[in-house]
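Written out below as structure tokens is the structure these notes cover.
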Amino acid sequence: MANMSFAQALNDAHKLEMERDPNIYVAGEDVGVYGGIFGVTAGLLDQFTDKRVRDTPITESAIVGTAVGAAAAGLRPVIELMFVDFIGVAFDQLYNQAAKMKYMFGGKAKLPLVMRACCGAGIGAAAQHSQCLEAWFMHVPGLKVVMPSTPYDAKGLLISSIRDDNPVVFLEHKLLYGMEGEVPEEAYTIPLGQADIKREGQDVTVVATAQMVNLSLSVAEKLSGDGISAEVVDPRTLSPLDEETILESVRKTHRLVIVHEEVKFAGSGAEIAAMVAEKAFDYLDAPIIRVAAPFTPVPFSPTLEAEFIPNEDKIIQAVKTVTGNPNVA
Amino acid sequence: MSLTNEQMIGMYANMKKIRMFEEQVAELFAAGKIPGFVHLYVGEEAVATGVCANLREDDYITSTHRGHGHLISKGGDIKLMMAELLGKKTGYCKGKGGSMHIADLDLGILGANGIVGGGPPLASGAALASQYQGKDLVTVCFFGDGAANQGTTHEAMNLATCWKLPVVFVNENNMYGISSCTLNSMCVADIADRAAAYDMPGVVVDGNDVVAVYEAASEALRQAREGEGPSLIECKTYRHKGHFEGDPCVYRNEEELQEWKAKDPVLRFEKKLLDMQVLAREKIDEIKDSIEKDLAKAVSFAEESPFPDPSEIIEDVYTP
Amino acid sequence: MSLVGIIANPASGKDIRRLVAFGSVFGNQEKVRIVRRVLLGLVAVGVERICYMPDYFGIVERALDHIKVPATIFPANFSLKGSQEDSVRAARIMREKGATCIVTIGGDGTNRAVVKGSGAAPILPISTGTNNVFPSMVEGTIAGLAAGLIAMKRVPLDESTFLSTKLEVLVNGNVVDLALVDVVVCDDLFVGSRAVWDMDKVRQIFLNQAQPDSIGLSSIGGLIHPINAEEPLSLCLELGDGGRPVTAPVAPGIIKQVFIKGQRIMQMGDEIAVSVVPSILALDGEREVEIRPGQQVAIRLEKDGPVVVDVKQTMTAAMKNGSLLR
Ligand SMILES: Cc1ncc(C[n+]2csc(CCOP(=O)(O)OP(=O)(O)O)c2C)c(N)n1
Ligand SMILES: [Mg+2]
């Protein structure tokens, strides 16, 4: 075990996988000489040369599109989109080309590619550099969507994503890059589609993703002082979604709060809530509550950005509402 | 098309204003007063200045993430800019946009842009509106060498010539898109060469020479305004600062930076105006003092202004 | 061993004349193809060493990408500035290394720079840019053959080259610059975008070459009093209201009426003062020299300009002496 930051864990996953499989190449803007704008690909260029670590022009459509073509022709591209907000420029290559190829072609194609991107607010990067867009990707059959919340998960999930034969969208919340944790030095995998119970509890299930997992854990800790036992579930993979782990937790706690940083309307939480309502309605003792961002672009000003991002108070309030706690604020 | 002394002094003052504004922003950023990213225009002042000196108030521009210079040159108010950079309610965008999204639609400024290559289609669109409405307005699209490789840029140029739109594409070739040098990101040495592919004139000018930029823009804009179609002006320039404040600049060397600093567009024009006796030392000091005063006012206005109230977050998403 | 220099200017053919006039668009790809043809011509007549000017686009390197050239090819070694200075330095290095012919690919401006460094080495100028008078439109393959024949001394120099004269710019008595075709005095303060198209600003023109069929300001003289590059004469024209009208192709696609108030023939060594100060002097089509208030400026006709290869004469000489009949 080693102590690593989230960014280092991702870096390590790249390195180990590239050493293992010469068909893996990395491409994207500033991934080589610069080592990635958040340092995730640092050192890879030196170790693997510019054949395998390719700095590209600013050309997202071609970065994604060439990865699709290369994957169809036998390589395993791992591309960096920098900010997930830039997907708009390249979306066709992802959702019309990558996601559908296997199905349209009668099952023959194999598309082993990973598109990494950072997401999330919290650094004042404003409306076009702060979004969480996981629901967009979840809505496309053929894509897998991964969203880790710890350095350990980041490494294991990235390795699994690279080894997966499908196009995987790998979303990294930018506030997590500096987060440290214990991470095995060797390669290991965490199966895609497997949620993780980050904290066990009895009274309420809190399903959270990415940075919201950490907020929810902190809330759970605080609420334990008020006699509320919250179970925090991190799906880790949003598509495929580990429905069973979530359902099992809800069947135990009878209450569900969903926390994510996307806007609430038609966000990933809507899918989770609907799934639970469909499959575990009888177990619920209270309406499901989603804690998420308001239906606005991400504002720049610190006061507005703080209002935008779900915070501990809002999670606490939701939990207290579903648990019927009299101390509701 | 001779420049009058007054115009020359105006262009000098504008460049100086951009330079001093950016230096002030760098200071505020270092002091932690500006959230997010700031991309400074230091070293490229001659481009926006020389181009916008040819524009009318109701002409349009589209800008980029490195937009402060474009805004100032199109007549933007530095008080409102500064307040926006600090995320204040009194800023251009009520604190909602920040450096990368400053806009002033009343001045035809269709916004800085956080998406590289986001601006060119907007520019062709604004030009379409002018043509459609029979107005003799022009649109200038500022875009970087990096943006020159985005599909959107090419699509916008193609449509612009297909429809003969009154738009001028002004490329600010500062040799880098973050860390990627044009030498590695394109196989033409001059972005102007690409104009031929869209059947529009494409020219290269010294982007650190405000008069050269002015002359080229003047002719290109005249043609656009008179319905003769779009053109592409490539301005060779350099950013003195990092891509954003805090950039370690591992991708370029000190020698290159010094070479370009020796071609500093502001100092160069200042020296020329002095040599040619268009401008006297005292006048330069006067200009500087007056900018300094305005800047100080802008900073205190920004600092004293309130942050937006959290309740304002849901305002302005839709037009009622 | 024979050495030929190649100086291909990556910046030629892209200036504002494509906007203010209807100048030809000359992309670097075409320069690459010309150089390729030149190289093949050179080695076909046995040139063994070729020194080239490196540039930020890599014209010669790219030319080499698609062909096999049985010769030693190397760059002139200096740190690139991305300006005219590169051509001057490359030419100087080629001369010092003993080049016996330098092929230039560019416009009047490119050749003006090359001549500052090339000394007595013969130059063979291939035109690319717009508005050119000094270099000619010549097929690259033929240019390569001709340059090779000159460099290998397989044709007599006196039959295949001529010595051009030049105009010198004197500021306060010191020579500061030169021109091969023309010096144009503009009532202006700035070099700006370099080209000259606004005839209202032109006050005085000194012509070292003037042909009735050339393009640009030298055509004005050509239509009054033609002068060849090798003739020991120049023409000085004063422009202004009330003069004699001449309709001339002052830039590609731009035909204008200009008014000649005065004209003077300059003999070798003659010096004429520049009539407007402060002003800008355009040399061979590009605004170049700023004349400050109070400076004394004159233009002088001088004899020892570049040795220029005449491709047609060279090939004719080869025909006569049977150089290529084997
Ligand atoms: C679509 C998109 N891709 C990538 C980025 C990240 N990014 C911001 S600025 C920049 C470089 C832009 O280079 P250039 O167009 O040359 O402008 P410069 O920064 O040099 O002014 C990049 C890659 C972005 N904002 N948008
Ligand atoms: Mg750039």
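The values are calculated or read from the model by the stated rules, or taken from the named source; none is laboratory data. This one's a predicted model, so the numbers in the text were calculated from it and none came from an experiment. Backbone-built Cβ (ideal geometry, glycine too); neighbour counts: all protein chains shown. Accessible surface areas use protein heavy atoms only, side chains included; no ligands, DNA or RNA. Shrake-Rupley method; radii C 1.70, N 1.55, O 1.52, S 1.80 Å.
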Taking only the alpha-carbon positions of the protein assembly as shown and ignoring solvent, what does the Debye formula give for the base-10 log of I(q)/I(0) at q = 0.06, 0.09 Å⁻¹?
-> -0.53, -1.02
Value at 222 nm in deg cm²/dmol, rounded to 500, when DSSP H runs of n ≥ 4 in chain A each add -39,500 (n - 2.57) | -11000 deg cm²/dmol
Accessible surface ranking that places the most exposed of C:Glu286, A:Glu200 first, with a 1.4 angstrom probe = A:Glu200, C:Glu286
The range B:132-246 - percent of accessible surface contributed by carbon and sulfur, probe 1.4 Å = 51 percent
So for the range A:255-329, using the alpha carbon gyration tensor with a ≥ b ≥ c as root eigenvalues (a/c under 1.5 gives rounded; past that, a/b versus b/c decides prolate or oblate), I'd call it oblate
Distance in Å, no decimals, from the C-alpha centre of the range A:195-265 to the one of the range B:57-110 is 42 Å
Those aspartates and glutamates that a straight Cα-Cα span of less than 17 Å connects to B:Lys88, excepting residues fewer than 8 apart in one chain = A:Glu305, A:Glu307, B:Asp77, B:Asp104, B:Glu303, B:Glu304, B:Asp309, B:Glu312, B:Glu315, B:Asp316
In percent, what relative contact order does chain C have, based on Cα pairs under 8 Å that are 6 or more apart in sequence?
-> 19 percent
With every protein chain left in place, what is the accessible area per residue of the protein assembly as shown in square angstrom, probe 1.4 Å?
-> 37 Å²
Can you check what the net charge comes to around B:Gly87, using other residues whose Cβ is under 14 Å from the Cβ of B:Gly87 (Lys, Arg +1; Asp, Glu -1)?
-> -2
Reachable lysines from C:Lys153, criterion Cα separation under 25 angstrom, eight or more residues apart if same chain | C:Lys68, C:Lys97, C:Lys116, C:Lys303, C:Lys312, C:Lys320
Indicate, rounded to the nearest 5 percent, the antiparallel portion of the DSSP beta bridges found entirely in chain A.
-> 20 percent
Kindly express, to the nearest 10 degrees and within the range 0 to 90, the angle between helix A:243-253's C-alpha long axis and the longest C-alpha principal axis of chain A.
-> 20 degrees
Relative contact order of the range C:1-72: what whole-number percent is it, with Cα pairs under 8 angstrom and at least 6 residues apart?
-> 44 percent
Within 10 Å of each Cβ in peptide B:90-97, how many partner chain Cβ atoms are there on average? Round it to a whole number, please.
-> 4
Expressed in angstrom and rounded, the centroid-to-centroid distance over alpha carbons for the range A:16-89 and the range B:4-19 is 44 Å
Neighbouring partner chain Cβ atoms per residue of B:183-195, average, 10 Å criterion = 5
Relative contact order (percent, whole number), the range A:139-296, Cα cutoff 8 Å, 6+ residue spacing | 23 percent
GNM, chain B, Cα, under 10 Å: largest mean-square fluctuation among B:Leu128, B:Leu183, B:Leu165?
-> B:Leu183
Could you order C:Ser214, B:Ser290 by accessible surface area, starting with the largest, using a probe radius of 1.4 Å?
-> B:Ser290, C:Ser214
Tilt of helix A:151-163 relative to the longest C-alpha principal axis of chain A, in degrees (0 to 90, nearest 10)?
-> 50 degrees
In the full protein assembly as shown, how much of C:Leu40 is accessible to a 1.4 Å probe, in Å² to the nearest 10?
-> 80 Å²
Setting aside same-chain residues fewer than 8 positions from B:Lys241, which lysines have a Cα under 18 Å from its Cα?
-> B:Lys16, B:Lys17, B:Lys261, B:Lys263
How many lysine pairs does the range A:2-183 hold where the Cα atoms are under 15 Å apart and the two sit 8 or more places apart or on different chains?
-> 8
How big is the antiparallel share of DSSP beta bridges in the range A:2-183, given as a percent to the nearest 5?
-> 15 percent
Order the peptides C:12-22, B:154-164 from the highest to the lowest mean number of other Cβ atoms within 10 Å of their residues.
-> C:12-22, B:154-164
Anisotropy class of the range C:62-127 from Cα gyration tensor, a/c 1.5 cut | rounded
How many square angstrom of accessible surface are buried between A and B, both sides summed, with a 1.4 Å probe and rounding to 100?
-> 2800 Å²
0 to 90° range, to nearest 10: angle between helix C:108-118 axis and chain C longest Cα axis = 60 degrees
Whole-angstrom gap from the range C:186-260 to the range A:146-181, using each part's C-alpha centre | 70 Å
J(HN,Hα) series, the range C:49-54, from Karplus relation 6.51 cos²θ - 1.76 cosθ + 1.60, nearest Hz, glycine and proline x = 10, 9, 10, 10, 7, x
Please find, in a Gaussian network model of chain C (springs between Cα atoms separated by less than 10 Å), the residue of C:Met315, C:Met94, C:Met199 whose mean-square fluctuation is greatest.
-> C:Met199
Shielding by other protein chains, B:199-212, mean Cβ within 10 Å = 5
GNM result for chain B, Cα springs below 10 Å: residue of B:Met175, B:Met276, B:Met11 fluctuating most strongly = B:Met276
Please calculate the 1.4 Å probe accessible area of A:Leu45, with all protein chains present, and give it to the nearest 10 Å².
-> 40 Å²
